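To keep things clear, I will list the structure first and then write my remarks on it.
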Amino acid sequence: MPHDYKINQDNPMHTRPDPDCAICDQPAVVQCDCEATVLETLTLEAEHKVMGAVYSKMRDWVNSHARDYVLNNFYLLADRRKESHMMNIQQLTLRAAHIYNAMPHPSDIAYAEAEYKRGVDADWKTSCLRYPEVLEYFYGLVNITLPSENDKDVREPPLRSSSLLRRKRMPKIRQVENMEDGDHRRRRHSRTRERPNNEHRRHREREREREPIGVVHPGNVEYGRGPIPPSPPRAYP
């Protein structure tokens, strides 16, 4: 609810009343949060409707690059782990051949393989634990540019006309006299546009004809002259 105006006590005609809540119709002094809550909900709905596709595309881009980075990091660690495992197997083989003149014992090979598997699992876990850091990095590369405040589309949004955006003159309500059922006159309200000049002239002349003789019109008084008598009735089609 708007609270950004100041009441001018010196000139009460310049004051503007604070409107009631548009949701619950409570007075402004209550300061309810209905409008703020509804605005937050509508903002989220508009964001999902307009920015949903943008967010989805951005999310897919970040997810794809983060996954590629983590996988490449794991493959790098896995290659190093494999080289270390192959060197370990080679050392076991040379040691068994030198000491026992035979192949390594199967239990030694099984233990080396188990160590290699545990190392691969550790490398994969280490790589996956980097996802938060990697995701934040790639999200930080996304650039969302807001338009300038001096942009024409910001200052004058091409939306449908509204009394808040464009103060259009509303058609005036006039009383039109119609002659119906003899001398019975019925007044009715009609929203019409401004009459043309000839309609204004005819309307003034009809008003003059209905006034009694002797009425002084301010517009008929001239300096140094008396009042001009009303013109005789004229026939209108």
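Read-outs throughout are calculated quantities, based only on the coordinates presented, and are distinct from any laboratory measurement. Just so you know, these numbers come straight off a predicted model, no measurement behind them. All Cβ positions, glycine included, derive from the backbone under ideal geometry; neighbour counts span all protein chains shown.
Here are a few things to note about the model shown:
- Simple spin-label estimate for residue 115 and residue 94 in nanometres, 7 Å along Cα-Cβ: 1.5 nm
- 19 Å cut-off, amide nitrogen to a point 7 angstrom out along residue 83 Cα→Cβ, residues in region 116-132: 116-117, 119-124, 127
- By the beta-carbon count within 10 Å of each Cβ, the least crowded to most crowded order of 32, 128, fewest first, is 128, 32.
- In this rough spin-label picture, where each label sits 7 Å from Cα along the Cβ direction, the residue 124-residue 25 distance is 6.5 nm.
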